[in-house]
Amino acid sequence: MSLVIPLYREIAGLSKLLSTLEPFVGLHELIFVDGFSDDGTYESLVGAGIGAVLRAPACRPVQMNVGAKSASGHLLLFLHADTELEPEHPELALLAIDRGADAGAFALRIESRDPRLRAASWLISARTRLMRSATGDQALFVRREVFESLGGFREDHPLCEDLDFVGRLIDRRGLGRFAFVPKEVKTSARRWEKSGVSRTIALMWGLRTAFHLGVPPDRLARFYETVR
C-alpha cells in the first residue's frame, strides 16, 4: 500500500504527524508531497528520512496526483496532514479491497470535546455509511487501477476534489463498490476552531450543498480560504 500525504506549511504539526506514521515505515510506502512550503516543512521532511519527499504546486488535487503517479503500491491511501491513522487502518482498507470494494473511507472523529463537533463527526460518518459520500479527512483509499481509470483527482477543482472523485467512482463502478469502514480516523479540530465552530460547520455544509448544486469549485474555494 502507498500512503500519499499532501502538505503545505505544516511545520507546526509535523512532528506529531511523523510520529503517528512511524509504525508504517517499512510496511507501507510513504510519499509526502509538499506544496513548496516556506516554513521549513520540506526541509524537515527530507531530514526525517522516513519516506519519499516530492514537491508540487500547493493545490491538493495536484499534489495527490503527483504522489499517486510515483507510487508503487496497488492500493493508494490519501492522508491529510491533520488526520491520524492507527496501525489497524491500512489493514482494514486492504480487507475491504479483498472483499470486493474498489475504494472506501473511514468513519471520522474530530478531536474535540465540543458537542457541536462530536455531532458533526457523527453526521459525517453517517452520511458516508448511508450515502457512500466521503471527504479527504476520512482517509480515502482506492485501488490504483481504478484511480488511474478515472483520471485521478480533477486538478481544476481546488476544493471538493474528494467529493467529485467519489461521485465519479460511484457513477462508474456502482454504489456497492465503495466501502465504509466504521473504524474511526481522528482529525484535528484546528480548522473548525480557527474561525469559530458554528460558523465553520455552517460554511462547510454550505459549501458541500453548493457544490452538489453545481457551483464551480474555484468560486467555492474563495470562501474556504477563510477557514483553512
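The values are calculated or read from the model by the stated rules, or taken from the named source; none is laboratory data. Quantities reported herein were computed from a predicted structural model and do not represent experimental measurements. Positions of Cβ are backbone-derived with ideal geometry, glycine not excepted, and every protein chain shown enters the neighbour counts.
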Check: Which residues, taken from the range 10-33, are out of contact with any Gly (no Cβ under 8 Å at 6 or more places or on another chain) and over 19 Å from Leu85 (Cβ atoms)?
Finding: Ala12
Item checked: Condition check for Ala139: of a type outside the set (Phe, Trp, Tyr) and out of contact with any helix residue (DSSP H, G or I) (no Cβ under 8 Å at 6 or more places or on another chain) -> no
Next item on the list: Restrict the check to the range 148-156 and report whether at least one residue is part of a helix (DSSP H, G or I) and not charged (D, E, K, R).
Entry: yes
Margin query: Can you go through Thr128, Thr200 and tell me which one is over 21 Å from Leu17 (Cα atoms) and either buried (at least 21 other Cβ atoms within 10 Å of the Cβ) or at pLDDT 95 or above (or both)?
Written below: Thr128
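This table checks each residue for (1) in contact with a His (Cβ under 8 Å, 6 or more places away or on another chain); (2) in contact (Cβ under 8 Å) with a residue 60 or more places away in the chain.
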{"residue": "Leu27", "(1), (2)": "no, yes"}
{"residue": "Ile31", "(1), (2)": "no, no"}
{"residue": "Gly35", "(1), (2)": "no, no"}
{"residue": "Thr41", "(1), (2)": "no, no"}
{"residue": "Ala48", "(1), (2)": "no, no"}
{"residue": "Ser72", "(1), (2)": "no, yes"}
{"residue": "Asp102", "(1), (2)": "no, yes"}
{"residue": "Phe106", "(1), (2)": "yes, yes"}
{"residue": "Arg113", "(1), (2)": "no, no"}
Notebook entry, point to check: Within the range 2-23, can you find the residues that are surrounded by 20 or more Cβ atoms within 10 Å (Cβ to Cβ) and either within 10 Å of Ile50 (Cα to Cα) or without any contact (Cβ under 8 Å) to a residue 24 or more places away in the chain (or both)?
Noted result: Leu21
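Yes/no matrix, rows are residues, columns are (1) of a type in the set (D, E, K, R); (2) touching a residue at least 40 places away in the same chain (Cβ under 8 Å); (3) exposed (fewer than 13 other Cβ atoms within 10 Å of the Cβ):
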| site | (1), (2), (3) |
| --- | --- |
| Asp171 | yes, no, yes |
| Glu184 | yes, yes, no |
| Arg191 | yes, yes, no |
| Gly196 | no, no, yes |
| Leu213 | no, no, yes |
Note to self: Which of the numbered conditions does Glu145 fail, given that it passes all the others? Conditions: (1) surrounded by 15 or more Cβ atoms within 10 Å (Cβ to Cβ); (2) more than 15 Å from the chain's Cα centre (by Cα).
What the structure shows: (1)
Next item on the list: Considering only the range 27-111, give the strands (runs of 3 or more DSSP E) lying wholly within it that have at least 2 residues that are out of contact with any Cys (no Cβ under 9 Å at 6 or more places or on another chain), among the polar types (S, T, N, Q) and farther than 17 Å from Pro182 by Cα.
Entry: none
